[in-house]
């Protein structure tokens, strides 16, 4: 089984990575794709940078920084993984990333804390759930005692 781990650098995303690693430790035979999506350049960035290669490099480095902690967890667990950093609208880019890499599932963090479904899942999470052809698991931060 190949699982896309959607990572945005947040602690919640790391909870999702830990959840996937827990499943693996319980016997799930899985490899992973660590996926990060950078928002497209703003008009201001395009006008001031003048060089699309510079913008691409900045986005790639930002993505590498954001996935570093997830990669460290996977390395420590001895898990097989690939990393992909994309640019675009996050939900659609994640779904395309899962398809392109032949993933069987997506695991990602989700915001909780309200009974209203629009607040339970962020807009990216909702769109991934709506458009993904593979199962999506949302991992929310558990309340601390």
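Using per-residue counts of other Cβ atoms within 10 Å, averaged over each peptide, order 98-106, 71-79, 32-40, 15-23 from highest down.
Highest-to-lowest ranking by the protection proxy: 32-40, 15-23, 98-106, 71-79.
Taking the beta-carbon count within 10 Å as an exposure proxy, list 108, 97 from fewest neighbours to most.
Listing 108, 97 from fewest to most nearby Cβ atoms yields 97, 108.
First measure r as the distance between the Cβ atoms of residue 61 and residue 1, then evaluate 1/(1 + (r/R0)^6) with R0 = 25 Å and state the FRET efficiency to the nearest 0.05.
About 0.25, to the nearest 0.05.
Here, each number is a calculation from the coordinates, and none is a lab measurement. Please read these numbers as outputs of a predicted model, since none were measured by experiment. As a convention, Cβ positions derive from the backbone with ideal geometry for all residues, glycine included, and neighbour counts pool all protein chains shown.
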